[in-house]
Amino acid sequence: MAQYTQLPVTDPDDLGFASSVDVAFGSATDEVVIDTTNRIIALKVTGNLTKDGVTIKAFYSKLKDAWQSDTGGPGSSNRLVKFPFPMNPITDEQFEMVDGWTLDKTNTSGAATQKTEELLRTGGWQVIREDNVEVEKWISVISLGTLGATDQVYYQQADSKDPIDIVLTDVVNQGVQVYAATGSVTDVGFDAGNGTGTGNIIYSTGDTDLNVFQSGDQIVVDSSINDGTYTVNSVIDANTIDVTELVIDENPGNATTITVDYRKYFKIFVREWQKTYAASTFEDIGVDTSTTGPGAVFQAYRFPLTNATDPDVPVTLNETDISTGGTGLPDQDPYQNVTLTFLRDANGNLFNIIGDVAGTTAYEIGDVVYYPTDDNWYNVVGNFTSVASPDPSADGANFTLYTGQRLVGSANYAFNKIIDGDTNVGATVSGENRLSTIYHSVQYQLRQTDDIDLSSGVSAGKTTDALLNFVGPTLVTTEGVYIDSFNSADNNDITLTTIANGTGLASTVSFPFKAQITINFGQNLQDDGNAKYYLFFANAGGNLFGTSNAIIVQDAEDPVANIAGDVSGSGSVSRSFDYTNNTQGNRTGGTDANVVGVAIGLVNSQYVKAEGVIQESVTNSLSLSSALERNYTI
């Protein structure tokens, strides 16, 4: 793949045409090749025209020069002026091909084998037939930001469409077609009988080069029965496409038209291994893609798109370490134990997290609502209008407990994308995989063309939205993503992003902070096979150490386990403390805890006591160093 070096031709004087009018493309020696018989204009990588192409403004200017001054070739004086001029300017970055003229869609040239549309830079255009029908619309896609010379950018034009690579690597400046009309439709039928139901559209058109329907195309059908946008499920043959849930009039006299229209959706990606990922959409740059919005027009659009070295993917980690051959789903330990499941409703759509359940509200299958009374989320199992005071917990006909709810701290939250951090253990059990391993596996999967979603739906990795990113040592999920079976040692380093609901804003939540305290033992305690240790609160709600009401601190990993135990010859022991939620003895959660550590042995160590503080930290420590026992007798 060749690199775009941002050096397109900008001076029309650098282009030639005189020897390439009505000459076969393969024999042409000029940069501009003009076919007056078929009214087709081509660009050829030769002479001053490189893989970097030419700006559309310079291309237009060259054509003006040609029509104004053509005298080249034997006996060919004034060849071009006999024909209508092919282009109309609207702005410096917006043009029209008119009067039956179009650009060459067949021939390629140069090391990058680009077609003419892919050699035009910094401007969009539309093609208008002689009968004044707009049959093509092209936008110019330009990326803003720094990319690497070999970085491959690709784009998607609908959720159901496969991604398409930009022809050249590095930064982008390329034309992309967003609209194609089938031209003069002479017959449209529907083979499911009387034009209703699920079946195939049968069509024919005089414009054979526009019969380019592909699976995933978003087509707009205008008929006397119903207008609508549908997805092409498959292409049966050159003139038959499979479209479901369509009602169409089979009467060819109703002037039905079919168009492929991508003016409402565009997403551009760059995802290189060991680099940060980036994406940009029409909405990101302010293009109105609402139902009533105009969508993209034929002009240049500039998308922010930049990447850099990802500090969280080591240079020593290769994609072949994750999957044999470096492609496909992970098949190497421990990365293959990280899986993705997107939670979908009966129609195959992601569950729609709404918020608090509301009375007399119309709900649809897949809606998920929150019932504050029991702190649970429920998904709607059928379309209905709720009663004045809905109780999802008691209405099994319309609600069922949502499987995507997760307890974070003391409250339940709803998520619709679940990462299983370690499939070898249960969802709520601490797994072996640390956050770095989970991140590496997920980032790898987001570069694959395979379906990475274990649910019944399909989510190709390359076009699935980003799921995770590190902010310093903290792993932050994107909206609606939860991580099951992560290693409990990473509890403090995860931030979860909830789904925007009625507020319109997503929020972040974190698990209660688990402080760590390391209790160090002196040599005498280590040498004493009978030595035991205990950690008390110095004063928990008036329960003072040194009184019968003293309280032993509980371990956060097991709320019924005390921070106490046998020294067992260890130099230290590390225990967890629920800094956020521990309220023993009416202690105020989220505050520093003054503690007293004690240890006592028999033959080698005397009784020892030391005071300390547990702060919101994982580096708390307390040392217990006992004097040698010289007086104990058995």
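Derivation of every value follows stated rules applied to the coordinates shown; laboratory data play no part. Here the structure is a predicted model, which means the values were calculated and not measured. Quick reminder, even Gly has a Cβ in these numbers, built from the backbone with ideal geometry, and neighbours come from all protein chains shown.
Using C-alpha pairs under 8 Å with a sequence gap of at least 6, the mean separation divided by the residue count of the chain gives a relative contact order of 7 percent. Considering only beta bridges that DSSP places wholly inside the range 352-402, some 70 percent are antiparallel. Among the listed pairs LYS115/LYS275; LYS51/LYS137; LYS51/LYS264; LYS82/LYS115; LYS137/LYS267; LYS137/LYS264, those whose Cα-Cα separation exceeds 21 Å are LYS115/LYS275; LYS51/LYS137; LYS51/LYS264; LYS82/LYS115. Charge tally around GLN126: other residues with Cβ under 14 Å, Lys/Arg +1 each, Asp/Glu -1 each, net -4.
Over 27 Å apart: what share of the alpha carbon pairs of the range 388-516 falls there, rounded to a whole percent? Across the range 388-516, Cα pairs with separations above 27 Å total 23 percent.
As a rough guide to protection, the peptides 31-40, 579-588 ranked by mean Cβ packing within 10 Å, highest first, stand as 31-40, 579-588.
For the chain, the dipole from Cβ point charges (+1 on Lys and Arg, -1 on Asp and Glu) about the Cα centre works out to 1440 debye, to the nearest 20. Here's the picture: charge each Lys and Arg Cβ at +1 and each Asp and Glu Cβ at -1 in the chain, and of ASN352, SER393, THR508 the one pushed furthest to the positive end of that dipole is THR508.
In this label model, ALA24 and ASP395 are separated by 7.4 nm, measuring between points 7 Å along each Cα→Cβ vector.
Give the peptides 283-290, 21-28 in descending order of average Cβ contacts within 10 Å, highest first.
Ranked from most to least packed, the peptides come out as 21-28, 283-290.
Between SER290 and PHE85, the contour length at 0.36 nm per residue exceeds the Cα-Cα span by 70.2 nm. Estimated from the Cβ-Cβ distance and a Förster radius of 51 angstrom, the FRET efficiency linking ASP375 and THR327 is about 0.70. Given their separation in residues at 0.36 nm each and the Cα-Cα distance between them, ARG302 and THR36 gain 92.4 nm when the chain is fully extended. Using the Cβ of TYR579 as centre and a radius below 14 Å, the other residues enclosed give a net charge of -2, where K and R count +1 and D and E count -1. The peptide list 315-324, 607-616, 411-420, put in order of mean Cβ contacts within 10 Å with the highest first, becomes 411-420, 607-616, 315-324.
Taking label positions 7 Å along the Cα-Cβ direction at both THR518 and THR478, the computed distance is 3.8 nm, reported to one decimal. Taking the Cα centre of the range 477-634 as origin and assigning +1 to Lys and Arg Cβ atoms and -1 to Asp and Glu Cβ atoms, the resulting dipole is close to 460 debye.
Which percentage, to the nearest 5, of the DSSP beta bridges contained in the chain is antiparallel? Beta bridges within the chain, antiparallel portion: roughly 75 percent. Put a dot 7 Å past the Cα of GLU432, heading toward its Cβ, do the same for THR508, and the two dots end up 3.1 nm apart.
Could you work out how far helix 435-445 tilts from the main Cα principal axis of the chain, as a 0 to 90 degree angle to the nearest 10? Helix 435-445 sits at roughly 20 degrees to that axis.
One chain, two ends: ALA411 and LYS105. Fully extended at 0.36 nm per residue, the span grows by 104.3 nm beyond their Cα-Cα distance.
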